[in-house]
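Just below is one structure, and these are the notes that go with it.
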Amino acid sequence: MSQIDNVLHEDRRFAPPEEFRERAVLGDEETYRRMYRESIESPETFWDGVARELPWSEPYSRVLDWSQAPRARWFVDGRINASAVCLDRHLPERAEKPAIVWEGEPGDTRTLTYAELQREVCRAANGLKSRGISRGDRVAIYMPMIPELAVALLACARIGAVHSVIFGGFSAQALRDRIEDGSCCAVITADGGWRRGSVLPLKREVDAGIEGLDFVHTVVVVRRGENEVAWTEGRDCWYHELLAGVANECEPEAMDSEDPLFLLYTSGSTGKPKGIVHTTGGYLVGTSLTTKYVFDLREDDVYWCTADIGWITGHSYIVYGPLANGATVVMYEGAPTTPHAGRFWELVEKHRVTIFYTAPTAIRTFMRLGAEHPERFDLSSLRLLGTVGESINPEAWMWYRDTIGGGRCPIVDTWWQTETGAIMLTPLPGVTETKPGSATWPFFGVDPVIVDEQGNELGANEGGLLALRKPWPSMLRGIWGDEERFRETYWSQLPGLYFAGDGARRDEEGYFWILGRVDDVINISGHRLSTMEVESALVSHPAVCEAAVVGRPDEVTGQSICAFVTVAADVEADAAFGAALREHVASEIGKLARPAELRFTDALPKTRSGKIMRRLLRDIAAGIESVGDMSTIEDYSVLAKLRDYDD
């Protein structure tokens, strides 16, 4: 019962444009194969060669200690500082190069060069030290997407404090849960931040979240929204006042490679959020190398990852990976459709963005809004596109390629997780012949396998459980304060293997296709169907913009398919259209996949990072109340409307 039926077929394929391949950082498959083979057969030799490019303050004595698996120790005894890797190593050569190009939602802009960013980080680090914050302390960061957010991360890293970034849309209770779990002694926040035309009162949420938590002795507040805030004397301090008069230099703390760099919380389906622990040396090695090769990074690139730094994508591919490589990074504060539906494309044109990395959910939203919005802007600067967060269905992939990339930009469809720290499966844009919807090949050092529930490897096009056989540098080192949960969650189901929680298949050419969370697989009369494949069939209908598929209990078949569907504004979602859509799915992938129920909706319940919350949809389809952590949901009104749905 652990195999997932393979019902979706995709025959389109796209080789890297020859002009792109000729200039690529890595431009031929033979070199990739050779490097990948070395990374698997001689991993310590491979990673030693990579790690030596970073500025270690003390050399490591050993590349990997795996004797206490699943506890890994990478670059044993080495000392390094993440802030120095991202900033100091680029001076003076890149002193005047823009490091962060920032745009606020109202249209205000700032640019920080590498010299300016390094100076600001040193001043912030000295300000934190003046409040008694030091190596090993945990610092919560709850901020809008402003340059001071990146500064806060790097300032904590510079003095050896462990940062715990909490997305700026979380509630006071979600804040409290995470601050309590990490025993954070300080919070860095802002008075407010812009989102969809309004100022979100962040300081107010912090005040409510830490009420009664005596171990929080400092709240640093950046002035951004200019909204009124309450004030607790002695505890609260303005950021600009804290930095007034401090030195512009701060020696980076020499951190052990295995010292924690940050905590990042992921939602628990039935329990409290999990504080994922990432350490310093291995994480920096993994994020810097993936950024270099996956995004084919060049000195003159303008790189924009649209994620929020509150999520792992923002940690790894806005801050640490790009800055370690000396890139120019675009940061944007606001929503993608504020003040108009073409806001992202306006910024691409304005800042001449060359690399654009976003989520499939955002792409499907843009599809629904219509091609007329990107067509208003000059997107000719783009040379590479990327996707992250969940599987992208082939039709959205094609729209992205043709409408945004003009048919000329390779797409890197990346699979990875908060827990992996860095990209695991991905095309390399100058090498890989891509297939719409496939994450293609493993990155260097990544040894993935598709297995059944007993750990037996499956053959080509047999869907099963996606697991990893070898340790990798950027891997999680635990769940904060809960060793047993760490082992049980990730290492117990398939002994000796890291189980990612996702289903996947590998085709006859070795390409990986992510089939979604195993929890989302639907079992119909003994056939296990991937929700991703049924959703792709639905979205391939020209009238459908987005779809989420879940299983609901069925007395005859065990489960049946319930589909939640959003359609184009000019489509009448009546019974006739529903019947036609069911037949479309049957013709695309077979009668077994025909939805038993279709629910048409204006929106789907999503996390604030844009992922569809299928767990909640399963509960709605089954007619039961939802339990577990719901702190990440973006809009509770969407959930209420779906519960009140009347066919």
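Just so it is clear, none of the values below were taken in a lab; they were calculated from the coordinates. Since we're looking at a predicted model, the values are computed, not measured. Please note: Cβ atoms are built from the backbone with ideal geometry, for glycine as well, and neighbour counts cover all protein chains shown.
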Run the quick spin-label model on Ala95 and Arg21: label points 7 Å from Cα toward the beta carbon, then report their separation in nm to one decimal.
4.3
Inter-label distance for Ala335 and Asp519, nm, one decimal - labels placed 7 Å from Cα along Cα-to-Cβ:
2.7
Estimated vicinal HN-Hα couplings, Hz - the stretch 567-580 in sequence order (Karplus 6.51, -1.76, 1.60; Gly, Pro = x):
10, 4, 4, 8, 9, 8, 7, 9, 4, 5, 5, x, 5, 5
For Lys350, which lysines qualify as cross-link partners when the Cα separation must be under 22 Å and same-chain residues fewer than eight apart are set aside?
Lys97
Charges only on Cβ, +1 for Lys and Arg, -1 for Asp and Glu: so what's the dipole of the stretch 448-537 about the Cα centre, in debye to the nearest 20?
300
Using a Förster distance of 22 angstrom, determine the FRET efficiency expected from the C-beta separation of Arg368 and His9, and round it to 0.05.
0.30
Length gain on complete extension for the stretch Asp507 to Asp602, per 0.36 nm per residue less the alpha carbon to alpha carbon distance?
30.7 nm
Sorted by mean Cβ packing within 10 Å, highest first, what order do the peptides 481-488, 175-182, 226-233 take?
175-182, 481-488, 226-233
Give the residue from Gly310, Gly342, Thr287 lying farthest towards the positive end of the charge dipole for the stretch 283-382; charges sit on Cβ (+1 for Lys and Arg, -1 for Asp and Glu) and the dipole is referred to the Cα centre.
Gly310
About its Cα centre, the chain carries a charge dipole, from +1 on Lys and Arg Cβ atoms and -1 on Asp and Glu Cβ atoms, whose size in debye to the nearest 20 is 660
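If eta is 1.567 mPa s and T is 4 °C, what Stokes-Einstein diffusion coefficient results for the stretch 534-581, Kirkwood Rh from Cα pairs, in µm²/s? Numbers along the way, then the final one.
Working: Rh = 11.7 Å.
Result for D is 111 µm²/s.
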Note the listed values (i) 48, 27, 24; (ii) 67, 39, 26; (iii) 37, 29, 25, then indicate which one is semi-axes √(5λ) of the Cα gyration tensor in Å calculated from this particular structure.
(iii)
Applied in sequence order to the stretch 377-393, the curve 6.51 cos²θ - 1.76 cosθ + 1.60 (Karplus, θ = phi - 60°) yields integer Hz couplings, x standing for Gly and Pro, of 10, 7, 9, 5, 5, 5, 10, 8, 10, x, 10, 7, x, 6, 5, 9, 6
Taking amide hydrogens as modeled 1.01 Å from N in the peptide plane, which residues meet the under 5 Å criterion relative to Ser57, leaving out close sequence neighbours?
Arg79, Ile80, Asn81
For helix 29-41, what angle does its Cα long axis make with the longest principal axis of the chain, in degrees from 0 to 90 and rounded to 10?
70
Note: probe point = Cα of Trp491 + 7 Å toward Cβ; backbone nitrogen < 19 Å; residues of the stretch 52-71 passing the test are 63-71
Under 5 Å between amide H atoms, partner at least 5 residues away or on a different chain: which partners does Asp236 have, H built in plane at 1.01 Å?
Val219
Using label points projected 7 Å from each Cα along Cα→Cβ, tell me how many nm separate Asp574 and Arg196, to one decimal.
3.2
Here, the stretch 476-523 modelled as identical Cα point scatterers in vacuum has Debye log10 I(q)/I(0) at q = 0.21, 0.25, 0.27, 0.32 Å⁻¹ of -0.84, -0.96, -1.00, -1.09
Would you report the distance distribution of C-alpha pairs in the stretch 233-342 as whole percents per 10 angstrom bin, up to the bin with the largest distance?
11, 28, 36, 22, 4
Mean separation of Cα contacts under 8 Å (at least 6 apart) over the residue count of the stretch 7-99, i.e. the relative contact order in percent, is 17
To the nearest 0.05, how large is the calculated FRET efficiency for Ala622 and Asp300 if R₀ is 56 Å and r is the Cβ-Cβ distance?
0.60
Long-range amide H contacts for Ile141: which residues qualify at under 5 Å (H placed 1.01 Å from N, peptide plane, sequence gap of 5 or more or a different chain)?
Ser164, Val165, Ile166, Ile188
Ranked by how many other beta carbons lie within 10 Å on average, peptides 545-554, 62-71 from highest
545-554, 62-71
Choose one of Ile404, Thr432, Gly463: the residue whose Cα lies farthest towards the positive end of the charge dipole of the stretch 383-464 (beta-carbon charges +1 Lys, Arg; -1 Asp, Glu; about the Cα centre).
Ile404
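Calculate how large, on average over all directions, the projected area of the Cα convex hull of the stretch 41-95 is; give the answer in nm² to one decimal. Walk me through the numbers before you get to the answer.
Numbers: hull surface 18.9 nm².
Here the figure is 4.7 nm², rounded to one decimal.
Please work out how much length the chain gains when fully extended from Glu41 to Asp214, using 0.36 nm per residue of separation minus the C-alpha to C-alpha distance, in nm with one decimal.
On the way: separation 173, 0.36 × 173 = 62.28 nm, distance 5.16 nm.
Computed gain between Glu41 and Asp214 is 57.1 nm.
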Give me the extension gain from Ser130 to Trp231: residue separation times 0.36 nm, minus the current Cα-Cα distance, reported in nm with one decimal.
34.4 nm
Dividing the surface of the Cα convex hull of the stretch 105-253 by four yields a projected area in nm² of 8.4
Of Tyr357, Pro98, Gly496, which is farthest towards the positive pole of the chain's charge dipole, taken about the Cα centre with +1 and -1 on the beta-carbons of Lys, Arg and Asp, Glu respectively?
Pro98
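For the chain, what is the mean residue ellipticity at 222 nm derived from helices alone (per DSSP H run of n ≥ 4: -39500 (n - 2.57); sum divided by total residues; nearest 500 deg cm²/dmol)? Kindly include the intermediate steps, with their values, before the conclusion.
Numbers: 19 runs with 180 residues, N = 647.
When only DSSP H runs of four or more count, the value is -8000 deg cm²/dmol.
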